[in-house]
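A.B. asks: Let me begin by handing over the structure; questions about it come next.
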Amino acid sequence: MLEGRTVTVGAHRIAVFRTHEGFHALAAVCPHRGGPLADGIVTGSCVTCPLHNRRFDLRTGAGIGDHPGVMPYEVAERGGELWLRTTDALQEAA
C-alpha cells in the first residue's frame, strides 16, 4: 500500500501506485529533472518526487504548486491483473 512501481507498456514508462482509494498511474518521470516518481512518497492523493519534492495529484497528474504536471493513465483491474490505457486500448501491465 501507498507505494509505487514502474512498469513499461509499449513505449510508455508508467509509475503505478496502490493507495487506499485503489490504483493510480502516472508518467514515471518527473518533468523537472527526471526523478523516478514510483520512488516518491505517497500521501493522501498525491506523490512527492524523491529528488526535489515536487508534488503531483495521483488522480489527474496535475502539478501541485507552480510547476507542470505529468500524464495520468487510466487503470483497470481485471481478474487480478492491472490494465493500463496508453492510447486507444487497455493493455496488460508488464
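A.B. asks: May I ask you to list pairs of residues, at least six apart or on different chains, whose Cβ atoms are under 7 Å apart, with the first in the stretch 32-47 being farther than 14 Å from I14 by Cβ and without any contact (Cβ under 8 Å) to a residue 24 or more places away in the chain and the second being surrounded by 14 or more Cβ atoms within 10 Å (Cβ to Cβ) and hydroxyl-bearing (S, T, Y)?
C.D. replies: I41/T48
A.B. asks: Sticking with this structure for a sec: Suppose we keep only residues that are surrounded by 18 or more Cβ atoms within 10 Å (Cβ to Cβ) and over 10 Å from the mean Cα position of the chain (by Cα) within the stretch 8-29. Which one would you say is modelled with the highest pLDDT?
C.D. replies: Filtering first and then ranking leaves T19.
A.B. asks: I've got another one for you. For L84, all conditions in the list (1) modelled with pLDDT of 90 or more; (2) assigned to a strand (DSSP E or B) hold save one; what is the number of the exception?
C.D. replies: Here L84 clears every test but (1).
A.B. asks: Hey, another quick one. Has the stretch 30-48 got at least one residue that is aliphatic (A, V, I, L, M) and part of a loop (DSSP other than H, G, I, E, B)?
C.D. replies: no
A.B. asks: Here's a follow-up. Which of the residues belonging to the stretch 4-22 are in a strand (DSSP E or B), under 21 Å from G63 (Cβ atoms) and in contact (Cβ under 8 Å) with a residue 24 or more places away in the chain?
C.D. replies: The first filter runs over the stretch 4-22 and keeps only residues in a strand (DSSP E or B), leaving 4-9, 12-19, 22.
Pick out the ones that are also under 21 Å from G63 (Cβ atoms) and you get 4, 6, 12-17, 19.
Within the stretch 4-22, G4, T6, H12, I14, A15, V16, F17, T19 qualify.
A.B. asks: Taking the stretch 48-86 as the search range and keeping residues that are among the polar types (S, T, N, Q) and touching a residue at least 12 places away in the same chain (Cβ under 8 Å), which one is nearest to E3 (Cα to Cα)?
C.D. replies: In this case the residue turns out to be T60.
The values are calculated or read from the model by the stated rules, or taken from the named source; none is laboratory data. As the structure is a computational prediction, the values presented were derived from the model and not from experiment. Heads up, the Cβs are rebuilt from the backbone with ideal geometry, glycines too, and the neighbour counts pull from every protein chain shown.
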